[in-house]
Amino acid sequence: MEGESPRVGRRARELCVQGTRLYDVARALRADHTRALDTVRSALEPLRAELVAQELESIPVARLKDVTEGRLRLGAVEAAGLTSVRAVHEASRYELRQLPGVGQQTADRALAAARQIARAVAETVSVRIDVDHPEPRTTALVIALQRLVEAGPELRRALDAATRLDERLGALLPVARPASSRLLLALAGRRRRDGALAAVTELHELVADPAAKDVRLLIAQASTDLLRPPVSEIEAWVDFELRSAEYYSQLAEVDGQQPDLAASEGFLPAELAERVHAQPLDDTHRRVSLRGYQSFGARFALAQRRVVLGDEMGLGKTVQAIAALAHLAAEGHSHFLVVCPASVLINWTREIGARSTLRALPVHGPDRQDAYGEWSERGGVAITTFDTLHTLPAPVDKSPKGRRTRTEAPTGPTPGMLVVDEAHYVKNPDTRRTKSVALWTERCDRVLFLTGTPMENHVDEFRTLVRHLRPELLPTVRNGTAAAGPHAFRKSVAPAYLRRNQEDVLTELPALVQVDEWVELGVADREAYDRAVGDGNFMAMRRAAYADTEKSAKLQRLRELVAEAADNGVKVVVFSYFRDVLAAVEQALEKGVFGPISGSVPAARRQQLVDDFTQAPGHAVLLSQIEAGGVGLNLQAASLVILCEPQVKPTVEHQAVARVHRMGQIRTVQVHRMLATDSVDDRLLTILKNKDRLFDAFARRSALADATPDAIDISDASLARRIVEEEQRRLATEAAN
């Protein structure tokens with residue numbers, strides 16, 4: 001046993017002590033998490049019970065016969081005034097038996113049938129959190145959820161690590177303990193001795209692993225987050241408004257109200273769905289939690305390698321793509337490429353930085369070759385546009401049959417994954433952009449096309465996309481397949497196409513999803529902006545992004561959003577402070593537009609425009625000045641809001657969005673705010689973000705603020721002067737350099 005001394009005695013005792021500490025920390029986190037979940041469930045239960053009771057109240061007692069296949073006699077029950085399933089469900093066995101003509105068997109069968117219906121109803125109801133009408137029970141739920149939301153995506157990683165340690169150390173420590181004493185080890189039988197020494201060796205590997213320190217820190221931080229005292233009611237509601245989607249995600253996980261599994265998996269064949277589930281998804285480089293359907297989408301892209309992700313607008317295609325890239329980075333891939341319209345290049349850059357630890361590098365504009373060279377050398381996620389892609393040296397096909405088609409040298413590294421956003425842009429095989437994308441897809445092993453356009457409505461376009469990705473599937477893509485219905489179409493092209501709709505995967509109250517759409521000003525718009533800054537004209541600065549209606553980056557992105565909404569039959573409301581901006585939008589969209597609603601439009605005419613917009617079949621667009629349409633009108637027929645520019649008064653923007661995101665809304669509401677970099681938009685957002693958000697929210701919730709919203713907003717004039725002066729200094733500094 002001399003050669004085994006490092007594994008026995010004092011060293012083994014030290015390892016057991018360290019292992020026990022790690023074991024205790026892991027178990028403590030799991031216990032803390034269980035308590036946090038129990039707090040949420042305790043707050044959730046009365047809300048769910050009330051919803052179930054309301055549903056049972058609307059079900060006539062006669063429906064109990066259906067459950068018992070007509071064997072239940074309910075005449076005496078109904079004669080006693082118990083006319084709903086709720087009345088029976090809330091009655092006790094004793095109370096039912098006291099009714100004239102109701103015996104033991106009838107009472108027991110009636111109660112059993114009522115409970116069965118109640119269980120079925122409970123599986124269908126979803127708790128709705130009405131931010132405009134908070135009450136004590138929903139406030140308690142929001143406060144309970146806030147602790148889980150605040151812990152962030154790291155909580156899931158910490159819990160996974162804690163679970164692994166709990167299970168492994170729980171098994172190792174009892175087996176290893178005899179090695180902590182030479183006497184105990186000597187008295188142990190050969191089998192126990194061998195097991196103890198092997199356990200100590202494995203324990204040493206667990207404890208001494210450099211990653212163990214990081215795991216301990218991860219678990220300790222998660223426990224700290226879960227043990228924080230509850231936040232105030234106001235702070236919880238403000239946080240809910242800012243991150244409602246994350247709250248609903250946590251609620252869905254705790255509540256167990258999951259969407260229809262087949263629908264959330266895009267109606268894929270069972271064997272393919274099983275393959276996707278078996279695909280691991282490493283979150284080491286990811287900074288955001290995924291919904292179940294989002295995790296499935298990222299796994300689908302990884303498992304199938306060359307696919308189209310066609311989720312409906314608002315379901316997070318970008319996040320799913322980033323999750324796939326983060327997984328590949330954890331596997332050792334260093335280079336990735338995203339191709340997208342110029343209008344979303346900045347958004348991709350920001351999203352990658354916010355949602356992952358990956359390095360985002362825009363490859364666009366006059367410095368694109370230098371940026372491409374830096375990406376080739378250092379790696380990361382290169383983000384370029386369709387129009388720039390053809391100017392970049394594509395990697396050469398390394399296969400024996402590969403041959404250079406356009407570029408001889410130099411060539412860049414082959415991306416671990418190529419992501420093509422708004423992939424329907426390459427629907428025409430004869431265009432330069434399509435040929436450039438085809439060149440890259442030929443050379444990349446993994447390719448992910450993103451499009452919110454339902455491909456079953458555009459079969460010819462889909463054939464073009466499939467030709468890039470999986471040409472062997474082309475014989476299955478026929479117009480007749482699409483005519484058989486969307487589910488039949490999706491199953492026929494399942495190896496390369498995944499699409500989910502909002503109604504299929506979002507079971508909760510429609511969330512408010514806010515997206516900042518950052519763009520760069522074009523040459524003409526930039527010149528107009530610089531002139532406005534020089535003149536000190538704050539209002540002209542705010543609308544300079546629409547000076548060149550032909551090449552306006554904001555208008556281009558707005559058209560793309562509206563086009564995708566049209567493909568999905570979604571109604572849109574476009575708000576702007578400026579009448580001439582709305583005129584530019586109207587000219588850019590041309591058809592299916594109602595309005596604009598402005599201050600000069602009489603109230604009766606405004607309501608008529610809203611009614612016409614609401615009653616229009618399918619997609620439509622309503623234009624409105626934000627202060628005219630933001631008060632007094634109900635616009636819940638829409639589920640997409642576009643703000644042409646940020647507002648000086650936060651309350652104005654909030655009230656306008658509330659016209660759409662209100663009770664009666666049945667879809668997730670998306671708010672896209674058009675923003676230009678290096679402009680008044682940047683300055684305005686920075687200043688407004690630095691305001692005390694809790695005070696702002698408290699004031700906004702007060703009766704006085706509802707009556708006089710101007711009372712809590714900072715002075716328009718002082719804000720305008722400050723921004724103009726800052727922009728004048730910035731431009732002067734840039735000119736001097």
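The values are calculated or read from the model by the stated rules, or taken from the named source; none is laboratory data. Please read these numbers as outputs of a predicted model, since none were measured by experiment. So basically every Cβ, Gly included, is an ideal-geometry build from the backbone, and we count neighbours across all protein chains shown.
Remarks
- If you filter region 427-484 down to residues that are surrounded by 13 or more Cβ atoms within 10 Å (Cβ to Cβ), among the charged types (D, E, K, R) and assigned to a loop (DSSP other than H, G, I, E, B), you find that the one that is modelled with the lowest pLDDT is R478.
- Those helices (runs of 4 or more DSSP H) of region 218-280 in which at least 2 residues are over 26 Å from F300 (Cβ atoms) and touching a helix residue (DSSP H, G or I) at 6+ places or on another chain (Cβ under 6 Å), considering only elements entirely within it, cover 233-242.
- Residue, surrounded by the most Cβ atoms within 10 Å (Cβ to Cβ), within region 120-139, restricted to residues that are among the hydroxyl-bearing types (S, T, Y) and in a helix (DSSP H, G or I): T138
- Looking across region 333-379, just one residue is at positive phi and either among the β-branched types (V, I, T) or surrounded by fewer than 18 Cβ atoms within 10 Å (Cβ to Cβ) (or both), and that is G365.
- Of the residues examined, F336 is not one that is among the aromatic types (F, W, Y) and at pLDDT below 95.
- Count of region 110-123 residues which are modelled with pLDDT of 85 or more and among the charged types (D, E, K, R): 2
- Test: residue in region 336-357 that is basic (K, R) and in contact with a strand residue (DSSP E or B) (Cβ under 6 Å, 6 or more places away or on another chain): no
- Which numbered condition V142 misses (of (1) surrounded by fewer than 16 Cβ atoms within 10 Å (Cβ to Cβ); (2) in a helix (DSSP H, G or I)): (1)
- Where R228 falls short, out of the listed (1) crowded, with 16+ Cβ neighbours inside 10 Å; (2) farther than 21 Å from D516 by Cα: (1)
- Qualifying residue in region 287-295 (condition: in a helix (DSSP H, G or I), modelled with pLDDT under 95 and surrounded by 22 or more Cβ atoms within 10 Å (Cβ to Cβ)): yes
- In region 263-275, the residues that are within 20 Å of the chain's Cα centre (by Cα) and modelled with pLDDT of 80 or more: S264, E265, G266
- The listed residue being surrounded by 18 or more Cβ atoms within 10 Å (Cβ to Cβ) and under 43 Å from the mean Cα position of the chain (by Cα), out of V77, V17, V67: V67
- Criterion applied to S180, S249, S244, S223 was being among the hydroxyl-bearing types (S, T, Y) and at pLDDT 85 or above, and the one residue passing it is S223.
- Within region 4-34, tally of residues that are among the charged types (D, E, K, R) and either touching a residue at least 60 places away in the same chain (Cβ under 8 Å) or assigned to a loop (DSSP other than H, G, I, E, B) (or both): 6
- Test: residue in region 105-117 that is in contact with a Phe, Trp or Tyr (Cβ under 8 Å, 6 or more places away or on another chain), in the same structural domain as V67 (by TED's automatic domain parsing) and surrounded by 13 or more Cβ atoms within 10 Å (Cβ to Cβ): no
- The lone exception for L315 - which of (1) assigned to a loop (DSSP other than H, G, I, E, B); (2) assigned by TED's automatic domain parsing to the domain that holds L145; (3) crowded, with 16+ Cβ neighbours inside 10 Å it fails: (2)
- Inside region 638-652, residues that are closer than 17 Å to L582 by Cα and under 24 Å from the mean Cα position of the chain (by Cα) make up a count of 7.
- Among the residues making up region 36-51, those that are over 11 Å from L148 (Cα atoms) and not aliphatic (A, V, I, L, M) are D38, R41, S42, E45, P46, R48, E50.
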